[in-house]
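Take a look at the structure set out below.
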Amino acid sequence: MRRNSNSILAVNKPRSREWTEATQDISCIINGGWPPIWQNHHFQTVKYVLLSRLSFHPPWTEAFPSGTRHLTFTKTSSWQEDTDCCKWDGVTCSSLTGYVIGIDLSCSEQSGTISSNSSLFLLRHLRNLNLSFIDIAHSPISPEFGRFPFLKHLNLSSSMFTGEVPTEISQLSQLTSLDLSQILDTGLEMPNFKTIMENLTELTEVHLGNVQINSSSLQPLMSLSSLRALSLYRCGFSGPIPRWVWNMSEEIVLFGNRFTGELPSSVNISRFSKFTVLDVSDNLLTGTLPSWLFSLPSLETLNLANNRFSGQLGEFVTSHLLSSIDLSGNKIHGSIPPSIFGLKNLMILELSSNNLSVMVQLDMFCKLNNLALLDLSHNSLSVTMSNSTTNFTPSCPKLRFLECSSCNVTEFPDFLRAQDSLQLLNLSNNRIQSEVPRWVQDIRRDSLYYLNLSHNSLTGGLELLGWKNLQYIDIHSNMLQGPIPIPPLSTIVLLASDNRFTGEIPLSMCSLTSLQIVNQSNNSLSGEIPRCYELQWQPLCVRSGV
(Lines give C-alpha, C1' and ligand atoms only; values in the text may rest on other atoms or scores of the structure.)
Protein backbone atom coordinates (compact mmCIF):
# COMPACT_ATOMS: atom_id res chain seq x y z
CA MET A 1 0.00 0.00 0.00
CA ARG A 2 1.27 3.47 -0.90
CA ARG A 3 0.54 6.76 0.75
CA ASN A 4 -2.03 8.48 -1.46
CA SER A 5 -2.69 12.17 -2.04
CA ASN A 6 -5.16 12.25 0.84
CA SER A 7 -2.35 11.42 3.23
CA ILE A 8 -0.30 14.37 2.00
CA LEU A 9 -3.29 16.66 2.34
CA ALA A 10 -3.98 15.42 5.86
CA VAL A 11 -0.45 16.20 6.97
CA ASN A 12 0.15 19.45 5.14
CA LYS A 13 -3.25 21.20 5.28
CA PRO A 14 -2.91 24.58 7.06
CA ARG A 15 -4.19 24.49 10.63
CA SER A 16 -6.71 27.31 10.23
CA ARG A 17 -9.35 28.09 12.86
CA GLU A 18 -11.96 26.45 10.67
CA TRP A 19 -9.77 23.37 10.33
CA THR A 20 -9.24 23.17 14.08
CA GLU A 21 -12.94 23.47 14.86
CA ALA A 22 -13.76 20.86 12.26
CA THR A 23 -11.30 18.28 13.58
CA GLN A 24 -12.61 18.60 17.10
CA ASP A 25 -15.94 17.11 16.06
CA ILE A 26 -14.99 14.49 13.48
CA SER A 27 -17.68 11.92 12.84
CA CYS A 28 -18.70 9.48 10.17
CA ILE A 29 -22.32 10.39 9.54
CA ILE A 30 -21.75 10.80 5.83
CA ASN A 31 -24.91 10.10 3.83
CA GLY A 32 -26.98 13.13 4.74
CA GLY A 33 -26.27 12.77 8.45
CA TRP A 34 -24.37 16.02 8.92
CA PRO A 35 -26.03 19.13 10.30
CA PRO A 36 -26.48 21.50 7.29
CA ILE A 37 -23.81 24.02 8.27
CA TRP A 38 -21.23 21.24 8.62
CA GLN A 39 -21.93 19.26 5.46
CA ASN A 40 -19.12 20.64 3.33
CA HIS A 41 -16.01 21.12 5.43
CA HIS A 42 -16.68 18.26 7.89
CA PHE A 43 -17.23 15.83 5.05
CA GLN A 44 -13.83 16.72 3.63
CA THR A 45 -12.20 16.53 7.06
CA VAL A 46 -13.35 12.93 7.54
CA LYS A 47 -11.82 12.05 4.19
CA TYR A 48 -8.53 13.71 5.09
CA VAL A 49 -8.31 11.87 8.37
CA LEU A 50 -9.50 8.37 7.56
CA LEU A 51 -8.56 8.00 3.91
CA SER A 52 -5.04 9.05 4.83
CA ARG A 53 -4.71 5.53 6.29
CA LEU A 54 -3.88 7.35 9.52
CA SER A 55 -0.69 8.67 7.94
CA PHE A 56 1.48 5.57 8.07
CA HIS A 57 4.57 6.86 6.32
CA PRO A 58 6.84 4.78 4.01
CA PRO A 59 8.99 2.81 3.71
CA TRP A 60 6.49 -0.02 3.52
CA THR A 61 8.02 -3.21 4.86
CA GLU A 62 6.84 -6.73 5.40
CA ALA A 63 5.19 -6.76 8.79
CA PHE A 64 5.35 -10.51 9.32
CA PRO A 65 7.43 -13.46 8.11
CA SER A 66 6.09 -15.07 4.96
CA GLY A 67 5.05 -18.16 6.91
CA THR A 68 2.60 -16.19 9.02
CA ARG A 69 1.26 -13.67 6.55
CA HIS A 70 -1.89 -15.71 6.05
CA LEU A 71 -2.88 -14.54 9.53
CA THR A 72 -2.94 -10.91 8.43
CA PHE A 73 -4.72 -8.71 5.94
CA THR A 74 -4.83 -5.03 5.06
CA LYS A 75 -7.92 -3.71 6.78
CA THR A 76 -7.68 -0.35 5.04
CA SER A 77 -8.31 -2.01 1.67
CA SER A 78 -12.03 -1.50 2.40
CA TRP A 79 -11.57 2.23 3.01
CA GLN A 80 -13.13 3.60 -0.19
CA GLU A 81 -14.08 7.22 -0.54
CA ASP A 82 -17.57 6.56 -1.89
CA THR A 83 -18.64 4.32 1.02
CA ASP A 84 -19.81 4.87 4.59
CA CYS A 85 -16.65 4.95 6.68
CA CYS A 86 -18.54 3.66 9.71
CA LYS A 87 -18.72 0.37 7.84
CA TRP A 88 -15.02 0.20 7.08
CA ASP A 89 -12.94 -2.59 8.58
CA GLY A 90 -11.35 -1.46 11.82
CA VAL A 91 -13.52 1.65 12.25
CA THR A 92 -16.19 1.94 14.95
CA CYS A 93 -18.58 4.87 15.25
CA SER A 94 -20.89 5.95 18.03
CA SER A 95 -24.50 5.06 17.26
CA LEU A 96 -25.60 8.27 19.01
CA THR A 97 -23.18 10.91 17.79
CA GLY A 98 -21.51 9.31 14.78
CA TYR A 99 -18.08 10.15 16.18
CA VAL A 100 -15.26 7.77 15.36
CA ILE A 101 -14.71 6.07 18.71
CA GLY A 102 -12.67 3.03 17.71
CA ILE A 103 -9.74 2.26 15.42
CA ASP A 104 -8.54 -1.36 15.22
CA LEU A 105 -5.77 -2.11 12.73
CA SER A 106 -4.40 -5.07 14.70
CA CYS A 107 -2.82 -7.95 12.79
CA SER A 108 -3.16 -6.12 9.49
CA GLU A 109 -0.36 -5.63 7.01
CA GLN A 110 0.13 -1.99 7.89
CA SER A 111 3.69 -0.83 8.27
CA GLY A 112 5.72 2.36 8.43
CA THR A 113 5.92 5.01 11.14
CA ILE A 114 3.42 7.21 12.96
CA SER A 115 4.72 10.77 13.26
CA SER A 116 3.43 13.41 15.65
CA ASN A 117 1.50 15.17 12.85
CA SER A 118 -0.29 11.97 11.81
CA SER A 119 -3.99 12.40 11.06
CA LEU A 120 -4.61 9.67 13.62
CA PHE A 121 -4.29 12.25 16.38
CA LEU A 122 -7.19 14.29 14.95
CA LEU A 123 -9.65 11.64 16.12
CA ARG A 124 -10.14 13.20 19.56
CA HIS A 125 -13.19 11.15 20.50
CA LEU A 126 -11.44 7.78 20.32
CA ARG A 127 -12.22 5.39 23.13
CA ASN A 128 -10.47 2.33 21.74
CA LEU A 129 -7.21 2.31 19.79
CA ASN A 130 -5.62 -1.00 18.77
CA LEU A 131 -2.46 -0.94 16.66
CA SER A 132 -1.10 -4.28 17.83
CA PHE A 133 0.89 -6.66 15.63
CA ILE A 134 1.73 -4.18 12.91
CA ASP A 135 5.20 -3.01 11.88
CA ILE A 136 6.09 0.45 13.17
CA ALA A 137 9.67 0.04 11.91
CA HIS A 138 11.37 0.63 15.28
CA SER A 139 10.00 4.15 15.67
CA PRO A 140 9.25 5.83 19.03
CA ILE A 141 5.81 6.23 20.55
CA SER A 142 4.68 9.77 19.79
CA PRO A 143 3.76 12.03 22.73
CA GLU A 144 0.54 12.70 20.78
CA PHE A 145 -0.78 9.35 21.97
CA GLY A 146 -1.47 11.17 25.24
CA ARG A 147 -3.90 13.58 23.54
CA PHE A 148 -7.02 11.38 23.52
CA PRO A 149 -9.12 12.66 26.45
CA PHE A 150 -11.76 9.90 26.20
CA LEU A 151 -9.49 6.93 25.47
CA LYS A 152 -10.20 3.85 27.58
CA HIS A 153 -8.23 1.12 25.79
CA LEU A 154 -4.78 1.60 24.25
CA ASN A 155 -3.05 -1.39 22.66
CA LEU A 156 0.30 -0.85 20.92
CA SER A 157 1.61 -4.35 21.62
CA SER A 158 4.01 -6.27 19.39
CA SER A 159 4.36 -3.44 16.89
CA MET A 160 8.13 -2.89 17.19
CA PHE A 161 8.03 0.45 19.00
CA THR A 162 11.32 1.58 20.49
CA GLY A 163 12.70 4.44 22.58
CA GLU A 164 11.11 5.87 25.70
CA VAL A 165 7.43 5.70 26.52
CA PRO A 166 6.40 9.37 26.61
CA THR A 167 5.24 10.81 29.92
CA GLU A 168 2.23 12.23 28.06
CA ILE A 169 0.64 8.77 28.27
CA SER A 170 -0.11 9.66 31.90
CA GLN A 171 -2.63 12.24 30.64
CA LEU A 172 -5.03 9.49 29.52
CA SER A 173 -7.03 9.85 32.70
CA GLN A 174 -9.88 7.56 31.60
CA LEU A 175 -7.64 4.71 30.47
CA THR A 176 -8.68 1.30 31.83
CA SER A 177 -6.37 -0.97 29.83
CA LEU A 178 -2.82 -0.29 28.66
CA ASP A 179 -0.88 -2.77 26.53
CA LEU A 180 2.61 -1.80 25.35
CA SER A 181 4.06 -5.30 25.54
CA GLN A 182 6.42 -6.48 22.80
CA ILE A 183 7.19 -10.01 21.63
CA LEU A 184 10.88 -9.12 21.32
CA ASP A 185 13.11 -6.69 23.16
CA THR A 186 12.87 -3.69 20.82
CA GLY A 187 14.54 -1.25 23.21
CA LEU A 188 11.24 0.18 24.46
CA GLU A 189 11.87 1.76 27.87
CA MET A 190 9.77 3.35 30.59
CA PRO A 191 12.11 5.35 32.85
CA ASN A 192 9.11 7.38 34.01
CA PHE A 193 7.27 4.26 35.22
CA LYS A 194 6.28 5.78 38.57
CA THR A 195 4.89 9.00 37.10
CA ILE A 196 2.83 7.26 34.44
CA MET A 197 1.39 4.54 36.62
CA GLU A 198 0.44 6.74 39.55
CA ASN A 199 -1.59 9.05 37.28
CA LEU A 200 -3.52 6.32 35.48
CA THR A 201 -5.76 5.55 38.44
CA GLU A 202 -8.56 3.88 36.45
CA LEU A 203 -6.42 1.06 35.06
CA THR A 204 -7.79 -2.46 35.37
CA GLU A 205 -5.24 -4.09 33.03
CA VAL A 206 -1.52 -3.36 32.62
CA HIS A 207 0.58 -5.20 30.01
CA LEU A 208 4.19 -4.04 29.72
CA GLY A 209 6.05 -7.17 28.66
CA ASN A 210 9.57 -6.58 27.30
CA VAL A 211 9.41 -2.93 28.29
CA GLN A 212 12.56 -2.06 30.23
CA ILE A 213 11.44 -0.35 33.42
CA ASN A 214 13.86 1.73 35.46
CA SER A 215 12.67 0.33 38.76
CA SER A 216 13.19 -2.86 40.70
CA SER A 217 9.92 -2.36 42.55
CA LEU A 218 6.27 -2.78 41.62
CA GLN A 219 5.32 -0.18 44.24
CA PRO A 220 3.92 2.39 41.73
CA LEU A 221 1.18 -0.11 40.82
CA MET A 222 0.07 -0.69 44.37
CA SER A 223 -2.34 2.27 44.37
CA LEU A 224 -4.28 0.93 41.36
CA SER A 225 -7.15 -0.48 43.36
CA SER A 226 -9.13 -1.68 40.32
CA LEU A 227 -6.26 -3.66 38.78
CA ARG A 228 -7.38 -7.15 37.70
CA ALA A 229 -4.73 -8.27 35.22
CA LEU A 230 -0.98 -7.68 35.41
CA SER A 231 1.53 -8.69 32.73
CA LEU A 232 5.13 -7.56 33.30
CA TYR A 233 7.30 -10.17 31.64
CA ARG A 234 11.01 -9.52 31.00
CA CYS A 235 10.92 -6.08 32.57
CA GLY A 236 13.98 -6.46 34.82
CA PHE A 237 12.17 -6.67 38.18
CA SER A 238 13.80 -8.43 41.12
CA GLY A 239 13.16 -9.25 44.77
CA PRO A 240 10.09 -10.92 46.27
CA ILE A 241 6.73 -10.65 44.53
CA PRO A 242 4.71 -8.16 46.62
CA ARG A 243 1.78 -9.62 48.51
CA TRP A 244 -0.73 -7.24 46.88
CA VAL A 245 0.01 -8.78 43.44
CA TRP A 246 -1.94 -11.84 44.55
CA ASN A 247 -5.06 -9.69 44.71
CA MET A 248 -5.26 -9.82 40.89
CA SER A 249 -8.53 -11.49 40.02
CA GLU A 250 -7.89 -12.47 36.38
CA GLU A 251 -4.26 -12.75 35.30
CA ILE A 252 -0.68 -12.63 36.62
CA VAL A 253 2.14 -12.86 34.06
CA LEU A 254 5.61 -12.13 35.46
CA PHE A 255 7.90 -14.50 33.59
CA GLY A 256 11.49 -13.70 32.69
CA ASN A 257 12.34 -11.45 35.63
CA ARG A 258 14.50 -12.10 38.70
CA PHE A 259 11.82 -12.52 41.33
CA THR A 260 12.83 -14.50 44.41
CA GLY A 261 11.11 -16.01 47.42
CA GLU A 262 8.11 -18.31 47.63
CA LEU A 263 4.53 -18.27 46.41
CA PRO A 264 2.05 -17.32 49.17
CA SER A 265 0.90 -20.28 51.24
CA SER A 266 -2.69 -19.06 51.01
CA VAL A 267 -4.77 -16.59 49.01
CA ASN A 268 -8.33 -15.31 49.10
CA ILE A 269 -9.66 -18.04 46.84
CA SER A 270 -12.98 -16.23 46.37
CA ARG A 271 -11.16 -13.51 44.44
CA PHE A 272 -9.81 -16.13 42.06
CA SER A 273 -13.13 -17.39 40.69
CA LYS A 274 -12.37 -15.77 37.30
CA PHE A 275 -8.58 -16.18 37.40
CA THR A 276 -7.37 -17.64 34.07
CA VAL A 277 -3.57 -17.22 33.72
CA LEU A 278 -0.64 -17.63 36.11
CA ASP A 279 2.80 -17.45 34.53
CA VAL A 280 5.80 -16.82 36.78
CA SER A 281 8.23 -18.94 34.77
CA ASP A 282 11.92 -18.12 34.33
CA ASN A 283 12.47 -16.53 37.71
CA LEU A 284 14.34 -17.57 40.87
CA LEU A 285 11.34 -18.66 42.94
CA THR A 286 11.69 -21.40 45.54
CA GLY A 287 9.62 -23.42 47.99
CA THR A 288 6.86 -25.96 47.53
CA LEU A 289 3.73 -25.56 45.44
CA PRO A 290 0.84 -24.35 47.63
CA SER A 291 -2.43 -26.27 47.55
CA TRP A 292 -4.49 -23.33 46.25
CA LEU A 293 -2.68 -23.62 42.89
CA PHE A 294 -4.61 -26.82 42.21
CA SER A 295 -8.03 -25.40 43.16
CA LEU A 296 -8.56 -22.47 40.80
CA PRO A 297 -11.85 -23.17 38.99
CA SER A 298 -11.28 -20.93 35.93
CA LEU A 299 -7.53 -21.44 35.49
CA GLU A 300 -6.55 -22.11 31.87
CA THR A 301 -2.77 -21.60 31.88
CA LEU A 302 -0.33 -22.58 34.65
CA ASN A 303 3.35 -21.94 33.93
CA LEU A 304 5.91 -22.26 36.72
CA ALA A 305 8.77 -23.48 34.53
CA ASN A 306 12.46 -22.84 35.17
CA ASN A 307 12.38 -21.88 38.81
CA ARG A 308 13.56 -23.78 41.88
CA PHE A 309 10.30 -25.19 43.14
CA SER A 310 10.46 -28.47 45.05
CA GLY A 311 8.07 -30.87 46.71
CA GLN A 312 5.32 -32.92 45.09
CA LEU A 313 2.44 -32.11 42.79
CA GLY A 314 -0.98 -31.88 44.37
CA GLU A 315 -4.23 -33.18 42.93
CA PHE A 316 -6.05 -30.83 40.56
CA VAL A 317 -9.40 -30.51 42.30
CA THR A 318 -11.49 -27.98 40.36
CA SER A 319 -9.15 -26.90 37.55
CA HIS A 320 -11.18 -28.50 34.77
CA LEU A 321 -10.58 -25.66 32.29
CA LEU A 322 -6.80 -26.05 32.28
CA SER A 323 -5.44 -26.18 28.74
CA SER A 324 -1.71 -25.66 29.44
CA ILE A 325 0.53 -26.86 32.31
CA ASP A 326 4.28 -26.20 32.25
CA LEU A 327 6.24 -27.20 35.35
CA SER A 328 9.49 -28.04 33.57
CA GLY A 329 12.91 -27.11 34.90
CA ASN A 330 12.25 -27.38 38.63
CA LYS A 331 13.02 -29.87 41.41
CA ILE A 332 9.59 -31.41 41.75
CA HIS A 333 9.63 -35.06 42.81
CA GLY A 334 7.18 -37.88 43.32
CA SER A 335 4.64 -39.13 40.80
CA ILE A 336 2.29 -37.61 38.25
CA PRO A 337 -1.04 -37.14 40.06
CA PRO A 338 -3.92 -39.19 38.61
CA SER A 339 -6.10 -36.08 38.46
CA ILE A 340 -4.04 -34.81 35.51
CA PHE A 341 -5.58 -37.52 33.36
CA GLY A 342 -9.00 -36.05 34.07
CA LEU A 343 -8.19 -32.61 32.63
CA LYS A 344 -10.19 -33.04 29.42
CA ASN A 345 -9.24 -29.62 27.99
CA LEU A 346 -5.50 -30.09 28.45
CA MET A 347 -3.52 -29.35 25.27
CA ILE A 348 0.00 -28.78 26.64
CA LEU A 349 1.69 -30.78 29.40
CA GLU A 350 5.38 -30.07 30.06
CA LEU A 351 6.96 -31.83 33.04
CA SER A 352 10.54 -32.19 31.78
CA SER A 353 13.73 -31.69 33.81
CA ASN A 354 12.37 -32.48 37.26
CA ASN A 355 12.87 -35.37 39.67
CA LEU A 356 9.61 -37.17 38.93
CA SER A 357 9.92 -40.90 39.44
CA VAL A 358 8.01 -44.20 39.34
CA MET A 359 6.52 -45.85 36.28
CA VAL A 360 4.20 -44.13 33.80
CA GLN A 361 2.13 -45.94 31.20
CA LEU A 362 2.09 -43.80 28.10
CA ASP A 363 -1.36 -45.00 27.08
CA MET A 364 -2.80 -43.21 30.14
CA PHE A 365 -2.43 -40.00 28.16
CA CYS A 366 -4.95 -41.32 25.64
CA LYS A 367 -7.56 -40.08 28.09
CA LEU A 368 -6.56 -36.52 27.20
CA ASN A 369 -8.26 -36.21 23.83
CA ASN A 370 -7.11 -32.64 23.21
CA LEU A 371 -3.45 -33.14 24.11
CA ALA A 372 -1.12 -31.72 21.44
CA LEU A 373 2.20 -31.43 23.32
CA LEU A 374 3.59 -33.91 25.83
CA ASP A 375 7.08 -33.54 27.31
CA LEU A 376 8.24 -35.97 30.02
CA SER A 377 11.96 -35.71 29.24
CA HIS A 378 14.82 -35.77 31.76
CA ASN A 379 13.13 -37.16 34.83
CA SER A 380 13.63 -40.43 36.70
CA LEU A 381 10.51 -41.85 35.08
CA SER A 382 10.20 -45.22 33.43
CA VAL A 383 7.80 -44.70 30.55
CA THR A 384 6.26 -47.99 29.54
CA MET A 385 3.50 -49.24 27.30
CA SER A 386 0.38 -51.19 28.13
CA ASN A 387 0.60 -54.92 27.42
CA SER A 388 -2.47 -54.57 25.23
CA THR A 389 -2.38 -52.75 21.91
CA THR A 390 -6.14 -52.47 21.75
CA ASN A 391 -6.02 -49.13 23.59
CA PHE A 392 -4.25 -47.41 20.74
CA THR A 393 -7.17 -46.31 18.63
CA PRO A 394 -7.93 -43.09 16.75
CA SER A 395 -9.48 -41.82 20.02
CA CYS A 396 -5.96 -41.20 21.35
CA PRO A 397 -4.93 -37.53 21.16
CA LYS A 398 -3.50 -36.29 17.88
CA LEU A 399 -0.15 -35.22 19.27
CA ARG A 400 1.96 -32.68 17.45
CA PHE A 401 4.94 -32.77 19.82
CA LEU A 402 6.11 -35.80 21.79
CA GLU A 403 9.29 -35.54 23.88
CA CYS A 404 10.35 -38.51 25.95
CA SER A 405 14.12 -38.07 26.09
CA SER A 406 15.84 -39.87 28.99
CA CYS A 407 12.66 -41.65 30.09
CA ASN A 408 13.96 -45.24 30.11
CA VAL A 409 11.84 -46.08 27.06
CA THR A 410 12.65 -49.60 25.78
CA GLU A 411 10.52 -49.75 22.62
CA PHE A 412 8.87 -47.51 20.08
CA PRO A 413 5.49 -46.44 21.54
CA ASP A 414 2.84 -48.37 19.67
CA PHE A 415 0.30 -45.60 19.90
CA LEU A 416 2.43 -43.65 17.41
CA ARG A 417 0.75 -45.79 14.74
CA ALA A 418 -2.37 -43.64 15.05
CA GLN A 419 -0.54 -40.31 14.95
CA ASP A 420 -1.13 -38.41 11.72
CA SER A 421 -0.30 -34.87 12.88
CA LEU A 422 3.04 -35.41 14.60
CA GLN A 423 5.55 -32.62 13.96
CA LEU A 424 8.23 -33.36 16.57
CA LEU A 425 9.34 -36.73 17.91
CA ASN A 426 12.15 -36.97 20.47
CA LEU A 427 12.98 -40.41 21.87
CA SER A 428 16.67 -39.72 22.42
CA ASN A 429 18.84 -41.07 25.24
CA ASN A 430 16.67 -44.09 25.96
CA ARG A 431 17.18 -47.88 25.94
CA ILE A 432 15.54 -48.85 22.67
CA GLN A 433 17.34 -51.92 21.32
CA SER A 434 15.75 -52.79 17.99
CA GLU A 435 15.48 -51.83 14.38
CA VAL A 436 13.38 -48.81 13.49
CA PRO A 437 10.02 -50.38 12.62
CA ARG A 438 8.70 -49.74 9.15
CA TRP A 439 5.51 -48.27 10.56
CA VAL A 440 7.58 -45.59 12.34
CA GLN A 441 8.97 -44.51 8.99
CA ASP A 442 5.42 -44.23 7.67
CA ILE A 443 4.27 -41.77 10.38
CA ARG A 444 2.57 -38.89 8.59
CA ARG A 445 5.21 -38.20 6.00
CA ASP A 446 4.20 -34.59 5.35
CA SER A 447 3.94 -33.30 8.95
CA LEU A 448 7.09 -34.44 10.80
CA TYR A 449 9.88 -31.85 10.76
CA TYR A 450 11.98 -32.83 13.82
CA LEU A 451 13.22 -36.34 14.59
CA ASN A 452 15.66 -37.24 17.37
CA LEU A 453 16.44 -40.91 17.98
CA SER A 454 20.05 -40.40 19.14
CA HIS A 455 21.73 -42.23 22.03
CA ASN A 456 19.82 -45.48 21.79
CA SER A 457 20.91 -48.90 20.58
CA LEU A 458 19.11 -48.88 17.25
CA THR A 459 20.21 -51.51 14.77
CA GLY A 460 19.54 -52.38 11.16
CA GLY A 461 19.43 -50.01 8.23
CA LEU A 462 17.76 -46.69 7.68
CA GLU A 463 18.56 -46.03 4.07
CA LEU A 464 15.67 -43.70 3.20
CA LEU A 465 14.21 -41.00 5.42
CA GLY A 466 10.91 -40.52 3.68
CA TRP A 467 9.43 -37.61 5.61
CA LYS A 468 9.33 -34.97 2.88
CA ASN A 469 9.30 -31.93 5.21
CA LEU A 470 11.85 -33.17 7.76
CA GLN A 471 14.30 -30.41 8.73
CA TYR A 472 16.17 -31.75 11.77
CA ILE A 473 17.42 -35.35 11.88
CA ASP A 474 19.49 -36.68 14.78
CA ILE A 475 20.26 -40.40 14.72
CA HIS A 476 23.81 -40.27 16.08
CA SER A 477 25.21 -42.63 18.74
CA ASN A 478 23.37 -45.80 17.72
CA MET A 479 24.39 -49.03 15.98
CA LEU A 480 22.75 -48.37 12.65
CA GLN A 481 24.25 -50.16 9.67
CA GLY A 482 24.20 -50.13 5.90
CA PRO A 483 24.43 -47.14 3.56
CA ILE A 484 24.29 -43.63 4.95
CA PRO A 485 20.63 -42.47 4.91
CA ILE A 486 19.54 -39.94 2.30
CA PRO A 487 17.54 -37.13 3.93
CA PRO A 488 14.75 -35.23 2.15
CA LEU A 489 15.41 -31.97 0.32
CA SER A 490 14.00 -29.97 3.23
CA THR A 491 16.74 -31.11 5.66
CA ILE A 492 18.72 -28.37 7.43
CA VAL A 493 20.54 -30.46 10.08
CA LEU A 494 21.72 -34.07 9.68
CA LEU A 495 23.54 -35.71 12.63
CA ALA A 496 24.44 -39.32 11.87
CA SER A 497 27.82 -39.78 13.58
CA ASP A 498 28.91 -42.68 15.80
CA ASN A 499 27.08 -45.45 13.99
CA ARG A 500 28.18 -48.33 11.74
CA PHE A 501 27.24 -46.92 8.36
CA THR A 502 29.29 -48.21 5.44
CA GLY A 503 29.86 -47.43 1.77
CA GLU A 504 30.41 -44.10 0.06
CA ILE A 505 28.73 -40.79 0.63
CA PRO A 506 26.22 -40.59 -2.26
CA LEU A 507 26.53 -37.70 -4.67
CA SER A 508 22.82 -37.03 -4.19
CA MET A 509 23.80 -35.32 -0.93
CA CYS A 510 24.99 -32.44 -3.10
CA SER A 511 21.41 -31.69 -4.15
CA LEU A 512 20.39 -30.84 -0.58
CA THR A 513 20.50 -27.08 -0.97
CA SER A 514 18.85 -26.44 2.43
CA LEU A 515 21.41 -28.46 4.37
CA GLN A 516 23.52 -26.36 6.74
CA ILE A 517 24.97 -28.75 9.33
CA VAL A 518 26.24 -32.27 8.60
CA ASN A 519 28.00 -34.69 10.93
CA GLN A 520 28.68 -38.18 9.59
CA SER A 521 31.88 -38.84 11.54
CA ASN A 522 32.91 -42.03 13.32
CA ASN A 523 31.35 -44.44 10.86
CA SER A 524 32.93 -46.92 8.44
CA LEU A 525 32.45 -44.87 5.31
CA SER A 526 34.79 -45.23 2.35
CA GLY A 527 35.64 -43.46 -0.88
CA GLU A 528 36.14 -39.78 -1.47
CA ILE A 529 34.31 -36.93 0.18
CA PRO A 530 32.10 -35.27 -2.45
CA ARG A 531 33.48 -31.93 -3.55
CA CYS A 532 30.21 -30.20 -2.66
CA TYR A 533 30.98 -30.80 1.01
CA GLU A 534 33.90 -28.43 0.68
CA LEU A 535 32.28 -25.94 -1.69
CA GLN A 536 28.81 -25.70 -0.17
CA TRP A 537 29.37 -26.27 3.52
CA GLN A 538 32.92 -25.31 4.34
CA PRO A 539 31.90 -22.27 6.45
CA LEU A 540 29.49 -24.43 8.40
CA CYS A 541 29.79 -27.28 10.86
CA VAL A 542 30.76 -30.13 8.53
CA ARG A 543 32.37 -33.35 9.67
CA SER A 544 32.04 -36.16 7.18
CA GLY A 545 34.19 -38.62 9.07
CA VAL A 546 35.35 -40.60 6.07
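Annotations for the structure displayed:
- C-alpha center-to-center spacing [segment 116-171, segment 410-440] in angstrom: 51
- Above-threshold pairs, the threshold being 27 Å between Cα atoms, out of Lys75/Lys152; Lys152/Lys194; Lys75/Lys274; Lys274/Lys344: Lys75/Lys274
- Unit charges at the beta carbon, dipole of segment 118-252: most positive-side option, Leu175, Tyr233, Phe193: Leu175
- Take each peptide in 200-210, 215-225, count the other Cβ atoms within 10 Å of every residue, and average; sorted highest first, the result is 200-210, 215-225.
- Judged by the mean number of other Cβ atoms found within 10 Å, the most tightly packed of the peptides 131-138, 466-473 leads the ranking 131-138, 466-473.
- Accessible area of segment 120-193 belonging to carbon and sulfur atoms, whole % at 1.4 Å probe: 53
The values are calculated or read from the model by the stated rules, or taken from the named source; none is laboratory data. Model, not experiment: these values are computed from the prediction. Cβ sites come from the backbone with ideal geometry, for glycine too, and all protein chains shown count toward neighbours. For the accessible areas, the whole protein counts, side chains as well, though only heavy atoms, and no ligand, DNA or RNA atoms are used. Shrake-Rupley method; radii C 1.70, N 1.55, O 1.52, S 1.80 Å.
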